[in-house]
Ligand code: MEV
């Protein structure tokens, strides 16, 4: 077996050399290399594009590209693209979307759409001079960054505000510039970070050239966007008369269903163990849309969970109530995403997703993703307070097991029928399949 050793200059190897070098880390090198190669795109141009997105690419990791139809959002019907590996998420989103399409659909709105960034620095000079010079510093920084911001300004965006925050309670001499950006249709990470790094240099120049300041007492520390986008918020809402829920309440009287549903959301609002799972159910829908449109799901995840903790405790992102006989279920969360820049146009399937959604702008995409999150949250809580989630999950699990066991269509039908009211486990299914095969 080839030896596993430290490899110097790995990034400089050719793609084939990288595959060869990685080969030594597999127990069955030949079979691994064959699998890696089989997942490469047959069109070299597309493969180059995919490899160019990241580094040290040795193959592609495929995930299912799915659609959830019948999303009625603000009166418009969408076919929503969802990239996700977890079985039943797309089925759950589709079933919720279908039900709610007959009950007024989703209403959604962007609350605000500004992104945050921070310049973290130390200043040990006269801080009262620093504080009082802020209006002038603000002007100077904007002028300095003009070559970077001019295009964004032409598109209607740019730097919205710059605020000095005194953080000396945390670390001696520590201050922040908290900067708010409007990045229009882009998520804007590169724009924000470039501007902040420019500010980091410009602030030093300002201190050097203005009386009352001492440039030597300035130490820039970090210039970086914040993924806690509490000023880039979206809201999604479902509402219908309680009695309309009857066809969707799995045999429970609708009032009883709503009573149990509201309790479940209240528990998620009060108990961190439940809140985390409840919010994960929301992120099932949100992340799947974020992935399908080439956006940064880690950024949205991080922001969502920070927002869920804004009161000091980690709580539910959604809330449920009854108002004048109407069941109301809503979600509010940060959603820093874009429809230009990043992978959104570069990845052919991300571009196709946006096309399928009718070329939404960033705000519309925020709403679609939030509605997918609310749909999945509704479907999960609906199942939890009625049948439990395992019956649905196990149906999908059974299909996966049958696929693994290479069951034919006839065998699949017999086994699905047999397990329709029985507990599913890999062992039970494979034993029953053996039996079916023996009796053929
Ligand atoms: C599974 O991916 C998501 C759920 O656990 C969410 C929830 O419990 O609300 C079903």
**Fill in**
So residue 31 and residue 171, fully extended at 0.36 nm per residue minus their Cα-Cα distance, gain in nm 44.9 nm
**Message:** Which order do the peptides 317-329, 226-238, 109-121 come out in when sorted by mean C-beta neighbours inside 10 angstrom, highest first?
**Reply:** 226-238, 109-121, 317-329
**Prompt:** Which angle between 0 and 90 degrees, to the nearest 10, do you get for helix 44-53 versus the longest principal axis of the chain when only C-alpha atoms count?
**Reply:** 60 degrees
**Prompt:** Equivalent-ellipsoid semi-axes (√(5λ), Cα gyration tensor) for the chain, whole Å, largest first?
**Reply:** 45, 33, 20
**Fill in**
Given a Förster distance of 35 Å, the FRET efficiency implied by the Cβ-Cβ spacing of residue 271 and residue 122, rounded to the nearest 0.05, works out to 0.30
**Message:** Using 0.36 nm times the number of residues separating residue 328 and residue 244, minus their current alpha carbon distance, what extension gain do you get?
**Reply:** 29.0 nm
**Asked** Going by average Cβ neighbours within 10 Å, how do the peptides 407-417, 5-15 rank, with the highest at the top?
**Response** 407-417, 5-15
**Request:** Using only the Cα atoms of the range 308-370, each taken as one equal point scatterer with no solvent, compute I(q) by the Debye sum, divide by I(0), and report log10 of the ratio at q = 0.13, 0.23, 0.24, 0.26 Å⁻¹.
**Result:** -0.54, -0.92, -0.96, -1.04
**Prompt:** What are the extents of the Cα atoms of the range 392-439 along their three principal axes, listed from largest to smallest and rounded to whole Å?
**Reply:** 29, 18, 17
**Asked** Between residue 79 and residue 400, 0.36 nm times their residue separation minus their Cα-Cα distance comes to what?
**Response** 113.1 nm
**Asked** With r defined as the distance between the Cβ atoms of residue 91 and residue 39 and R0 fixed at 22 Å, what FRET efficiency is calculated, to the nearest 0.05?
**Response** 0.25
**Prompt:** Separation of the range 37-76 and the range 214-279 by C-alpha centroid, Å?
**Reply:** 29 Å
**Prompt:** What is the antiparallel percent of DSSP beta bridges lying wholly in the chain, to the nearest 5?
**Reply:** 95 percent
**Asked** What angle, in degrees between 0 and 90 and rounded to the nearest 10, separates the Cα long axis of helix 254-270 from the longest principal axis of the Cα atoms of the chain?
**Response** 40 degrees
**Item:** Using alpha-carbon coordinates, inclination of helix 134-144 to the longest axis of the chain, degrees
**Value:** 70 degrees
**Message:** Test of understanding: ordering 88, 107, 399 by Cβ neighbours within 10 Å, fewest first, what list do you get?
**Reply:** 399, 107, 88
**Asked** Using alpha carbon centroids, what distance separates the range 94-136 and the range 183-213, in Å?
**Response** 19 Å
**Prompt:** How much mean residue ellipticity at 222 nm does the chain get from its helices, if each DSSP H run of length 4 or more adds -39500 (n - 2.57) and you divide by all residues, to the nearest 500 deg cm²/dmol?
**Reply:** -15000 deg cm²/dmol
**Asked** Which semi-axes, in whole Å and largest first, does the equivalent ellipsoid of the range 115-225 have when worked out from the alpha carbon gyration tensor as the square roots of 5 times its eigenvalues?
**Response** 25, 15, 11
**Request:** Name the shape class, rounded, prolate or oblate, that the alpha-carbon gyration tensor gives for the range 10-53, where a ≥ b ≥ c are the square roots of its eigenvalues, rounded holds for a/c under 1.5, and otherwise prolate holds if a/b is larger than b/c and oblate otherwise.
**Result:** oblate
**Prompt:** What FRET efficiency, computed as 1/(1 + (r/R0)^6) with R0 = 25 Å and r the Cβ-Cβ distance, is obtained for residue 356 and residue 101, rounded to the nearest 0.05?
**Reply:** 0.90
**Item:** Segments 334-346, 32-44 sorted - mean Cβ within 10 Å per residue, highest first
**Value:** 334-346, 32-44
**Complete:** Going fewest to most other Cβ atoms within 10 Å around each Cβ, 263, 152, 333 line up as 263, 152, 333
**Fill in**
Distance in Å, no decimals, from the C-alpha centre of the range 305-350 to the one of the range 391-438 is 37 Å
**Fill in**
Gyration tensor on Cα atoms of the range 171-324, a ≥ b ≥ c root eigenvalues, a/c under 1.5 rounded, else prolate if a/b beats b/c, else oblate, says prolate
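None of the figures in this text is laboratory data; all of them are computed from the coordinates on show. Since the model is a prediction, treat every value here as computed from it, not as a measurement. Cβ sites come from the backbone with ideal geometry, for glycine too, and all protein chains shown count toward neighbours.
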